[in-house]
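Structure first, commentary second.
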Amino acid sequence: MTDIFTSGQVWSCREVLATLMEQELLGCSFTIISVHDDFSAALTPFLVALMITHSRPYQVVSVGGGDDVRPAWHSTSCDVYVIVAKRLLVLSDLLDTDDDSWDWQGRYLMFTSSSSANDLQRLAVTYKLQKTTDVLFFIRGTSDSELAVYTHKMYSKRSLKLLTLWRDGGFVKMVDLFPNKVNDLRGQQVRVLAVNHAPSVFSIIDHLGLLHNVSGLDVK
């Protein structure tokens, strides 16, 4: 996918976030994670203006220049992380490591101008995203005013799903953008392994071999 982006793409990203703030993300605090590239430099000021206009708690963290990604300082029942990068694959090392620089309960909105669906597929199976339920990717559609909106399916190696399109100021199809992905494991195979461990049980055996006063941790 080309590295060239347009002002129309930037404005579409701004508009879709504004809609989500009004419809899906009420009462949330926001952390804008901005990679050092020209797409992020163009979009981030618009996102900051949105935060100010809507009086939302927010902070901006720059990555790629030596700063670490930190969780939002103002924790709420809904912490949102807006990640802006021309190419999201520059974050693959961060997303594929096991460390504490991540809010596992947060909602992640990733905006990109030059990442492809194949790039998103590579990110969707990284360590952190496979343990995070609420993730949305916004990539270039077929025109400047169109964004393709993807999410990931957990517990699957083919974990990318197209949810809907954003076109001309609105979603083409209204869908649940943050579905419950873990309530039934989405049909994934589950293996249960048992070990040979005798239960910890206390009891009294009478002269007939009957058990009385059975107790113990495994009984509870």
Legend entry - Within region 121-137, considering residues that are part of a loop (DSSP other than H, G, I, E, B) and not β-branched (Val, Ile, Thr), the one surrounded by the fewest Cβ atoms within 10 Å (Cβ to Cβ): TYR127
Legend entry - Residues of region 138-172 satisfying the condition of being in contact with a strand residue (DSSP E or B) (Cβ under 6 Å, 6 or more places away or on another chain), more than 17 Å from CYS13 (Cα to Cα) and not in a strand (DSSP E or B): LYS153, SER159
Legend entry - Residue list for region 102-112, filter: within 14 Å of the chain's Cα centre (by Cα) and in a loop (DSSP other than H, G, I, E, B): TRP102, ASP103, TRP104, GLN105, GLY106
Legend entry - Hits in region 37-66 - residues which are part of a loop (DSSP other than H, G, I, E, B) and either exposed (fewer than 14 other Cβ atoms within 10 Å of the Cβ) or at pLDDT 95 or above (or both): SER55, GLY64, GLY65, GLY66
Inset, instruction - Using the structure shown, decide if LYS181 is of a type in the set (D, E, K, R) and not in a strand (DSSP E or B). - result: yes
Legend entry - Selection from region 18-35 of residues that are over 19 Å from VAL63 (Cβ atoms) and hydrophobic (A, V, I, L, M, F, W, C): ALA18, LEU20, MET21, LEU25, LEU26, CYS28
Inset, instruction - Hey, could you check region 78-120 for residues that are surrounded by fewer than 19 Cβ atoms within 10 Å (Cβ to Cβ) and among the β-branched types (Val, Ile, Thr) and say which is farthest from LEU43 (Cα to Cα)? - result: THR97
Inset, instruction - Would you please name the residue that is modelled with the lowest pLDDT, looking only at residues in region 100-158 that are more than 18 Å from ALA85 (Cβ to Cβ) and of a type in the set (Ser, Thr, Tyr)? - result: SER156
Inset, instruction - Go through VAL201, VAL214, VAL190 for me and flag whichever is surrounded by 12 or more Cβ atoms within 10 Å (Cβ to Cβ) and at pLDDT below 85. - result: VAL201
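Say whether the condition of being in a loop (DSSP other than H, G, I, E, B) and without any contact (Cβ under 8 Å) to a residue 12 or more places away in the chain is met by at least one residue in region 5-14.
No, that holds for no residue.
Just to check your reading of the model, which residue among TYR108, TYR155 is free of Cβ contacts under 8 Å to residues at least 40 places away in the same chain and at positive phi?
Details: TYR108 fails: at positive phi.
Unique residue meeting the criteria: TYR155.
The values are calculated or read from the model by the stated rules, or taken from the named source; none is laboratory data. On a predicted model such as this, the values are computed, not experimentally measured, just so you know. For neighbour counting, all protein chains shown are included, and Cβ atoms are generated from backbone atoms with ideal geometry for every residue, glycine included.
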